[in-house]
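What follows is a set of notes on a single structure, which appears directly below.
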Amino acid sequence: MKITKPRLALICGILCISIFPILVKLKLAPGLISAFYRMAFAVILLLPYVLLTKNFKLPKTKFVLLAVLCGILFSSDVAVWNIAIQDSSATQASLLTNLSPLWVGLGSFFFLKVRPATNFWIGTVVSLLGMITLVGFSFFLELNFDQAFLFAVLSGILYSIYLLVSKNVLSDVDVLSFMTISLFASTIYLGILCYCLNQPFTGFSDTGWFVLILQAVICQLCAWLSISYATQHMRATRVSLSLLSQAVITSILAWLFLEEQITLQMVFGGIILLFGIRITFYDKTISLKGLFAKN
């Protein structure tokens, strides 16, 4: 598999977002206000750069509105995912929100009239089996169908819609202009929401503020500038499925920094998951008949 610039950007983006569940699980700020500051600090850092370097180009009204919609969708996704992580386990929230490849594939088929390749569906099934193995089969017997469960599923749906809409916008708008508009919309939307729900805008520890800034720089700017670039040049289905690999990286980071245990089953599940992602990058179409045929 040739490592092109879009694929390299995707890898970089995945590495950057993989630390996000670890930071949120620290609970140094409420989930909703954490999402607000992630967007607010990101746009504060990005806006001067695009204006001074004249990299911001105002697109047509249609694409401005779609970029604003992307900002609302993405910030809603981050907000409900934050709450799901803090109200349940990071494992449950990550698993359920990572069902997004299914929604992206179905959305591409029904709304974008793009029929995902056979490789995508095979890779999706294999990757989800790997995800199930990673978290453990007994995990599903302990699922609580509460608010956190619903928020995690909702996060995956919002995220998949965001990917499909952003793919459409990025076909005509450059990444920096798209990110600036969407982040500005996210900040205003979450700011109003936090104010109406009486969320605390101050009173965090120094470590809390540092983590909020870290989320903005690493998990938002670095991650989503890279992923948006990859989305611009790659199929949305392939990008969404590739993002499943963050579960593997997050598990490793949790082992390093939160002293969570990594078992042989988790290693085996991670290998299956990554193999499923690799199938979607296979250049030739895989047929189900050929996949199961005897050599």
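The values are calculated or read from the model by the stated rules, or taken from the named source; none is laboratory data. Treat the numbers as computed from the prediction; the structure is a model and nothing was measured. The protein model used for the area step is the full one, side chains on, heavy atoms only, and it has no ligands, DNA or RNA in it. Shrake-Rupley method; radii C 1.70, N 1.55, O 1.52, S 1.80 Å.
Going down the list Lys5/Lys167; Lys5/Lys62; Lys5/Lys25; Lys5/Lys57, which pairs span over 25 Å between their C-alpha atoms?
Lys5/Lys62; Lys5/Lys25
Where does each of Trp209, Trp81 land when they are ordered by accessible area, with a 1.4 Å probe and the largest first? Write down the numbers at each step before the final one.
On the way: Trp209 70, Trp81 30 Å².
Result, largest first: Trp209, Trp81.
Per residue, how big is the convex hull around the C-alpha atoms of segment 1-68? Give it to me in cubic angstrom, could you? Don't skip to the end; give the middle numbers.
On the way: hull volume 10.0 nm³, N = 68.
For segment 1-68, the hull spanned by Cα atoms encloses 147 Å³ per residue.
Suppose the chain between Phe257 and Thr202 were pulled fully straight at 0.36 nm per residue; how much longer would it get relative to their current alpha carbon spacing?
Residue separation times 0.36 nm, minus the Cα-Cα distance, leaves 17.1 nm.
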